[in-house]
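The values are calculated or read from the model by the stated rules, or taken from the named source; none is laboratory data. Keep in mind it's a predicted model, so treat the numbers as computed, not measured. Note that each Cβ is placed from the backbone with ideal geometry, even for glycine, and that neighbours are counted across all protein chains shown. Heavy atoms of the whole protein, side chains included, go into the accessibility calculation; ligands, DNA and RNA do not. Shrake-Rupley method; radii C 1.70, N 1.55, O 1.52, S 1.80 Å.
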Amino acid sequence: MRRLDKYSVGIVLGLLLPALFCYVYISRFNLWGVLKAFDFSANSVLSKMMMLSVFPNMALLFLFYEMDLWRLAKGVLIGAFPYIIAAIWFTI
């Protein structure tokens, strides 16, 4: 597991996991129709989705810190920043 302790692996995980989580969440609760009806312009829905999508990253962050994989944890945190910034953008 130590050979995977790289920033690049963490950043890729940090970027892909929230996107996958959003896709699964939208599919599971059949939100595609709602988002299409509002033409994806419902800023409050998108803001909440962006905030919600960061939670799997925080679980990974905790797991990697407990396993002493510091670079991987930092990469996951860096990968979460675009989603946090998007959540702030859609809130404003």
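I'd like the residue in the range 1-56 that is touching a residue at least 12 places away in the same chain (Cβ under 8 Å), assigned to a loop (DSSP other than H, G, I, E, B) and open to solvent by 80 Å² or more (accessible area, probe 1.4 Å) and, out of all such residues, is farthest from Arg71 (Cα to Cα).
That would be Met1.
Which of the residues belonging to the range 62-80 are part of a helix (DSSP H, G or I) and either open to solvent by less than 70 Å² (accessible area, probe 1.4 Å) or in contact (Cβ under 8 Å) with a residue 60 or more places away in the chain (or both)?
Phe64, Trp70, Arg71, Leu72, Ala73, Lys74, Gly75, Val76, Leu77, Ile78, Gly79, Ala80
Based on this model, can you work out whether Ala59 counts as modelled with pLDDT of 90 or more and open to solvent by 20 Å² or more (accessible area, probe 1.4 Å)? Talk me through it step by step, then tell me what you get.
Numbers: modelled with pLDDT of 90 or more: yes; open to solvent by 20 Å² or more (accessible area, probe 1.4 Å): yes.
Yes; evaluated as a whole, the condition is true for this residue.
Please find, within the range 81-92, the residue that is nearest to Gly10 (Cα to Cα) out of those that are open to solvent by 50 Å² or more (accessible area, probe 1.4 Å) and aliphatic (A, V, I, L, M). Spell out the reasoning first.
The initial filter retains those residues of the range 81-92 that are open to solvent by 50 Å² or more (accessible area, probe 1.4 Å), namely 81-82, 84-85, 88-92.
Checking which are aliphatic (A, V, I, L, M) leaves us with 84-85, 88, 92.
Numbers: Ile84: 16, Ile85: 18, Ile88: 23, Ile92: 29 Å.
For the range 81-92, the residue satisfying everything is Ile84.
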